[in-house]
Amino acid sequence: MTLTKIPEKNFKVGYVAIVGQPNVGKSTLLNHFLSFKMASVTRKPQTTRHQIKGILNGPGHQVVFLDTPGLLEPRYKLQEAMLQAAHRALQEADLALFMIEAKNKIDPRDQANLNQVAQLQKKIILVINKVDLVPRQNLLPLIDHYRRADGIETIVPVSALKDIGLDALRDEAIKALPVGFPFYDTEQITDHPERFLVSEIIREKIFLRFGDEIPYSTTVYIEEFKERKNRKDFIRATIYVEKKSQKGILIGKNGEALKKIGTNAREDIETTLERSVFLELWVKVKEKWRENEATLKEFGYLG
Ligand SMILES: Nc1nc2c(ncn2[C@@H]2O[C@H](COP(=O)(O)OP(=O)(O)OP(=O)(O)O)[C@@H](O)[C@H]2O)c(=O)[nH]1
Ligand SMILES: [Mg+2]
C-alpha cells in the first residue's frame with residue numbers, strides 16, 4: 001500500500017465503532033460523515049449485518065469508522081454472527097460512538113448495552129440521534145441520566161439524517177483519537193471489494209420493497225463479476241431465500257417484482273461504481289441458511 005502524503009505532526013488516526021440498538025441511525029451517520037452511500041439504510045431494523053468500514057480523510061486526521069449491526073438479543077445463528085461483528089468492531093476500536101435515539105425516557109436496553117461496552121474500557125461518546133424528531137427540552141432527562149453514567153467522555157446530540165451536530169461530533173471523535181500515521185491511503189474511502197458493495201445494494205432494495213418476512217430470510221451472493229472491454233461490466237447475483245413460497249413472492253407475477261429490484265439496484269450500483277453495469281438476478285431456495293454455520297460462512301457472515 002502506498003501512502004500519498006507524509007503525515008503532519010500530531011496527525012490523529014484511529015478506529016471508531018458506531019454501535020447501538022438496531023435502527024437508531026448508525027449507517028445513516030456513516031454515510032453522512034463520508035458524504036457517500038457506503039452502508040445500506042432502510043426503515044427496517046437489522047438492515048446492517050456486517051461490519052462496514054468507511055474512512056474519513058481530512059486535514060490532520062484519518063478516522064476509520066466501523067458501522068455495525070445493531071446490538072440485539074440473538075434468536076438465530078445469523079443474528080449471533082451479526083452481534084459478533086459488532087463486538088469485533090468494538091474490540092478493534094479506539095473509540096465507540098454509542099448511539100441512542102432521542103426520546104424523553106431512558107431505554108433499559110440502552111443502559112444494559114452501555115454497561116457491556118463500558119467494560120471494554122474504550123473511550124465512549126454518547127450520540128443522541130434523531131434530535132430533529134423531538135423538542136430539545138425533551139432530551140434533558142436523557143442527558144442528565146447519561147451525564148452521570150460511567151465511561152462517557154461526552155454527549156453529542158445530532159440528527160444524522162438532517163446533518164445537525166455532525167461537525168461537532170466529528171471534532172469530538174478526532175479529539176479522542178491517538179496520534180499516529182494513517183493506516184490507509186489517504187485517498188481511500190473503504191477496503192470492501194466491489195462485490196460486497198454490490199450485494200449490499202441488492203439486499204437493500206429487497207429490504208425496501210418487501211414486508212417483514214422476505215428481507216430477513218434473504219441473502220445475496222455475487223456469482224460472477226466480469227469487467228468487459230468496450231462493454232458494460234457483467235454481474236450475476238443469486239438471491240437466496242429460505243422457502244419456495246418466498247421465492248415466488250420475490251419474483252412476483254411475470255417476474256415483475258424481481259425486475260423492479262434489478263432496476264433499482266442497478267441504478268445505485270452504477271452510482272457507486274461510477275460505471276455502467278449489466279445486472280442479472282436469480283432467486284434460489286436454501287432452506288434454513290440463517291441457522292447453519294456452513295452456509296453463514298459461505299455467505300460471508302462468519303470469519
Ligand atoms: N428523523 C430521523 N430519522 C433518521 C435519522 N437517522 C436515521 N434515521 C432513519 O432511521 C432509519 C434507520 O436508519 P439506519 O441508518 O438504517 O439505522 P441503523 O442503526 O444503521 O439500523 P440497523 O442497520 O438496522 O441496525 C432510517 O429510516 C433512517 O432514515 C435522523 O437523524 N432523524
Ligand atoms: Mg445499519
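Values as computed for the structure displayed
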| item | result |
| --- | --- |
| The chain - charge dipole about Cα centre, Lys and Arg +1 at Cβ, Asp and Glu -1, debye rounded to 20 | 780 debye |
| Calculated diffusion of segment 12-176, Stokes-Einstein form, Kirkwood radius summed over Cα pairs, 25 °C and 0.890 mPa s, µm²/s | 157 µm²/s |
| Nearest-0.05 FRET efficiency for Ile106 and Arg236, computed from C-beta distance (R0 51 Å) | 0.60 |
| Neighbour-count order for Glu204, Glu274, fewest beta carbons within 10 angstrom listed first | Glu274, Glu204 |
| Long-range amide H partners of Ile124 with built H, under 5 Å | Ala96, Glu153 |
| Bridge type composition, segment 15-98 - antiparallel percent by DSSP, nearest 5 | 45 percent |
| J(HN,Hα) series, segment 215-231, from Karplus relation 6.51 cos²θ - 1.76 cosθ + 1.60, nearest Hz, glycine and proline x | x, 6, 9, 10, 9, 10, 10, 8, 7, 8, 9, 10, 7, 10, 5, 6, 9 |
| Whole-number percent relative contact order across segment 12-176, with pairs defined as alpha carbons under 8 Å at least 6 apart | 24 percent |
| Antiparallel %, DSSP beta bridges [both residues in the chain], to 5 | 35 percent |
| Size descriptor, Kirkwood hydrodynamic radius, that averages inverse alpha-carbon separations across the chain, Å | 20.4 Å |
| Amide H contacts under 5 Å for Gly14, placed H, 5+ residues apart | Gln62, Val64 |
| Computed [θ] at 222 nm, helices only, for the chain once each DSSP H run of length n ≥ 4 contributes -39500 (n - 2.57) | -10500 deg cm²/dmol |
| Contact order relative to length of the chain, as percent, for alpha carbon pairs under 8 angstrom and 6 or more apart | 18 percent |
| Under the Karplus curve 6.51 cos²θ - 1.76 cosθ + 1.60, θ = phi - 60°, whole-Hz ³J(HN,Hα) for segment 132-137, x wherever Gly or Pro sits | 5, 8, 9, x, 3, 5 |
| Fully extended contour minus Cα-Cα distance, from Glu213 to Phe278, at 0.36 nm per residue | 20.6 nm |
| Centre separation in Å (Cα based) which lies between segment 134-152 and segment 238-294 | 42 Å |
| Sorted by Cβ density within 10 Å, fewest first, the residues Ser276, Ser199 | Ser276, Ser199 |
| Thr218, Thr68 arranged by Cβ crowding within 10 Å, fewest neighbours leading | Thr218, Thr68 |
| ³J(HN,Hα), Karplus 6.51/-1.76/1.60, whole Hz, each residue of segment 21-38, x for Gly, Pro | 5, x, 6, 6, x, 5, 5, 4, 4, 4, 4, 6, 5, 8, 6, 7, 7, 7 |
| Aspartates and glutamates whose Cα lies under 15 Å from that of Lys260, excluding same-chain neighbours fewer than 8 positions away | Glu204, Asp268, Glu280 |
| Relative contact order [Cα under 8 Å, 6+ residues apart], segment 194-298, whole percent | 28 percent |
| Dipole magnitude (debye, nearest 20) for segment 12-176, charges at Cβ of Lys, Arg, Asp, Glu | 360 debye |
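Read the figures in this text as sums done on the coordinates, not as results from a lab. Given the structure is predicted, the values throughout are model-derived calculations rather than measurements. Using ideal geometry, Cβ is built from the backbone for each residue, glycine included, and neighbour counts are taken over all protein chains shown.
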